[in-house]
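Notes to accompany the following structure.
Each reported figure results from applying straightforward, stated rules to the coordinates on display, with no laboratory input. Keep in mind that what you see is a predicted model, and the values were worked out from it rather than measured. No Cβ is skipped: glycine too gets one built from the backbone with ideal geometry, and neighbour counts run over all protein chains shown.
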Amino acid sequence: MPHLVRLYIKQVVIGFALSGIFVAGLLWFNVANLWHLVSSSSAGVLAVLMMFVFNGIVFSGVQFGIVIMRMADSGPDDTGGKRQPEPVRQHATVPVPVRGDPRAMRRF
């Protein structure tokens, strides 16, 4: 199996594990009276399952993104060094035509 696929599967498992901990914490601490809503409804199991799956998708995507961004190779010659000065920008002055001035620009 390619290294990147193995890495992705590992991060998905970690993300869904974090989702399980997160949803269990939401129910345990009864955030927004969620435990009562889930336990007193006939569709409570479906709601918990949906929270677990959707949070798992988000957490695994974030987990994979963090791992990929941390894989950047800084290289041996990335020591900083001196920055090049930015070029000085000068603004050109444009004459504004005045009505009745014979030197004014004409539109064609």
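Given segment 1-94, what helices (runs of 4 or more DSSP H) lie entirely inside it while holding 3 or more residues that are within 28 Å of the chain's Cα centre (by Cα) and not β-branched (Val, Ile, Thr)? Steps first, please.
Values: elements: 3-28, 34-40, 44-70.
Result: 3-28, 44-70.
Tell me the residue from Val31, Val38 that is aliphatic (A, V, I, L, M) and surrounded by 12 or more Cβ atoms within 10 Å (Cβ to Cβ), please.
On the way: Val31 fails: surrounded by 12 or more Cβ atoms within 10 Å (Cβ to Cβ).
Exactly one of Val31, Val38 is aliphatic (A, V, I, L, M) and surrounded by 12 or more Cβ atoms within 10 Å (Cβ to Cβ), namely Val38.
Kindly indicate the residue of segment 15-28 that is surrounded by 13 or more Cβ atoms within 10 Å (Cβ to Cβ) and either touching a Ser or Thr at 6+ places or on another chain (Cβ under 7 Å) or small (Gly, Ala, Ser) (or both) and also nearest to Phe59 (Cα to Cα) among those meeting that condition.
Filtering segment 15-28 for residues that are surrounded by 13 or more Cβ atoms within 10 Å (Cβ to Cβ) and either touching a Ser or Thr at 6+ places or on another chain (Cβ under 7 Å) or small (Gly, Ala, Ser) (or both), the one nearest to Phe59 (Cα to Cα) comes out as Gly15.
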